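Asks: Quick one: the structure is below, questions incoming.
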Amino acid sequence: MKLSVKYNNSIGTIRLLIEDQKKSYFCEVQQRAIEYSVFGGLKNRSLKNDVTKNIPNSKIVRENIVKK
């Protein structure tokens, strides 16, 4: 998901990889491939960027809360 937002010129290759995994024998892999496929089809680039933002390390968040 993050690669598709970061490397917009490689979307075709990324979609092919995801499409191939939709046929996986592993249910979890297949489920994620379908979810990523739906996410990749979204037109709202701002929403995609928000979803794929870096999540702060929980240790850093806890340390900032303690300092306050």
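Asks: Give the residue that is nearest to Lys6 (Cα to Cα), with candidates limited to residues of the stretch 21-44 that are touching a helix residue (DSSP H, G or I) at 6+ places or on another chain (Cβ under 8 Å), assigned to a helix (DSSP H, G or I) and not β-branched (Val, Ile, Thr).
Replies: Looking at the filtered set, the residue picked out is Gly40.
Asks: From the list Lys22, Lys59, Lys48, exactly one residue is surrounded by 13 or more Cβ atoms within 10 Å (Cβ to Cβ) and modelled with pLDDT under 75. Which is it?
Replies: Of Lys22, Lys59, Lys48, the one residue that is surrounded by 13 or more Cβ atoms within 10 Å (Cβ to Cβ) and modelled with pLDDT under 75 is Lys48.
The values are calculated or read from the model by the stated rules, or taken from the named source; none is laboratory data. These numbers were taken from a predicted model, which means no experiment stands behind them. In this analysis, Cβ positions are derived from the backbone assuming ideal geometry, glycine residues included, and neighbour counts consider all displayed protein chains.
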